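Following: one structure in structure tokens, then a few remarks.
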Amino acid sequence: MSEGGGERAGAAEIRWVTEAVRQHHSDVVSARAGESDVVLNFGTTKAAEGTDGAVTAILTRRVSLQPDSARRLRDLLRNVIAEADAAPPKNSA
């Protein structure tokens, strides 16, 4: 199944092909920047903090981005979070 466009990346419209998509929950994330890429690690907490203060997490996804893609992701996240913060709270009744 292919999902229609509407999403834009710069001047080009993105048409996502969604047949192979899998969704994963993540409550732990880390990042590091190298010379030619930015690596994002996503995982889930396995156990509470140990006596040394470390959190044990299961790494479920590692994504390597080119620096330009990482900058676009930064900008997208900044905008999405600002929109979510500005939205009126939903009624939980």
(request) Take Thr60 and decide whether it is among the β-branched types (Val, Ile, Thr) and touching a Phe, Trp or Tyr at 6+ places or on another chain (Cβ under 7 Å). (result) yes
(request) Would you please name the residue that is nearest to Ser69 (Cα to Cα), looking only at residues in the range 28-42 that are modelled with pLDDT of 95 or more and not hydrophobic (A, V, I, L, M, F, W, C)? (result) Asp37
(request) Quickly run through the range 49-93 and pick out the residues that are surrounded by 10 or more Cβ atoms within 10 Å (Cβ to Cβ) and either in contact with a Pro (Cβ under 8 Å, 6 or more places away or on another chain) or in a loop (DSSP other than H, G, I, E, B) (or both). (result) Glu49, Val55, Gln66
(request) List every residue pair whose Cβ atoms lie under 6 Å apart, where the two residues are 6 or more positions apart in sequence or sit on different chains, the first residue falls within the range 16-29 and is small (Gly, Ala, Ser), and the second residue, located anywhere, is outside any loop (DSSP other than H, G, I, E, B). (result) Ser26/Phe42
(request) Test Arg8 against the criterion of being exposed (fewer than 12 other Cβ atoms within 10 Å of the Cβ) and modelled with pLDDT of 95 or more, and give yes or no. (result) no
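The values are calculated or read from the model by the stated rules, or taken from the named source; none is laboratory data. These numbers were taken from a predicted model, which means no experiment stands behind them. For neighbour counting, all protein chains shown are included, and Cβ atoms are generated from backbone atoms with ideal geometry for every residue, glycine included.
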